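Note sheet for the following structure.
A short reminder: the numbers here are calculations on the coordinates, not readings from a lab. As the structure is a computational prediction, the values presented were derived from the model and not from experiment. Methodologically, a virtual Cβ is constructed for each residue, glycine included, from the backbone with ideal geometry; neighbour enumeration extends over all protein chains shown.
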Amino acid sequence: MKPLRLAVDTNLLLDWADQTDNVLDALTVIQERLPHTDPLVPPSALDELAFLCDSGLSQAVRQSARRAMQLLRDRPVFRPLLDLPYPTGMVEAIALEIRQKRLLPSEEVHDSFILAEAALLDCGILLTSDAHLRGIDHEALALVLNPFDLVAPVIATPREIASKFFR
């Protein structure tokens, strides 16, 4: 059986580094309930995290980003991906379509890239704390992704995972 692929957003990695309870609880639930999950860090999330290490808006964000990078190196909880087996232009086209259809605000370029990459990676779940991503119209997203022969991932927050499945 093929493992369920799960993608994580940059903000989730920052919250993981900060040891946020909801994120830790969600990761515990996923590990216990779905032990064969393949948790991935899409390239755009990794790029954004690297950017935040040096250029985050505050010292706290920069420190969280550095801790997250260190955790990615030291603890094999997530599998960071440097590249996708798809042309960059394909990711850009899908991300642009997501923004043009106003599923995400036009300024949410990174989020649209992460969402496009999650779909291209055939992830069943995109785990995020981002309200823009969480609030996306799933039906409209499915219609945008369908011409690319992609399936929209379920977009969930750590709190939703922890509260719905925590025992």
Between a residue in segment 39-59 that is farther than 20 Å from E92 by Cβ and any residue that is assigned to a helix (DSSP H, G or I) and charged (D, E, K, R), which pairs come within a Cβ distance under 6 Å, given they are 6 or more apart or on different chains? C53/R66; G56/R62
Take L126 and decide whether it is under 16 Å from L12 (Cβ atoms), in contact with a strand residue (DSSP E or B) (Cβ under 6 Å, 6 or more places away or on another chain), in contact (Cβ under 8 Å) with a residue 60 or more places away in the chain and hydrophobic (A, V, I, L, M, F, W, C). yes
How about segment 141-164: which of its residues are in contact with a helix residue (DSSP H, G or I) (Cβ under 6 Å, 6 or more places away or on another chain), under 29 Å from T20 (Cα atoms) and outside any loop (DSSP other than H, G, I, E, B)? I155, P158, R159, I161, A162
Confirm whether Q100 is under 27 Å from E139 (Cα atoms), free of Cβ contacts under 8 Å to residues at least 60 places away in the same chain and out of contact with any helix residue (DSSP H, G or I) (no Cβ under 6 Å at 6 or more places or on another chain). yes
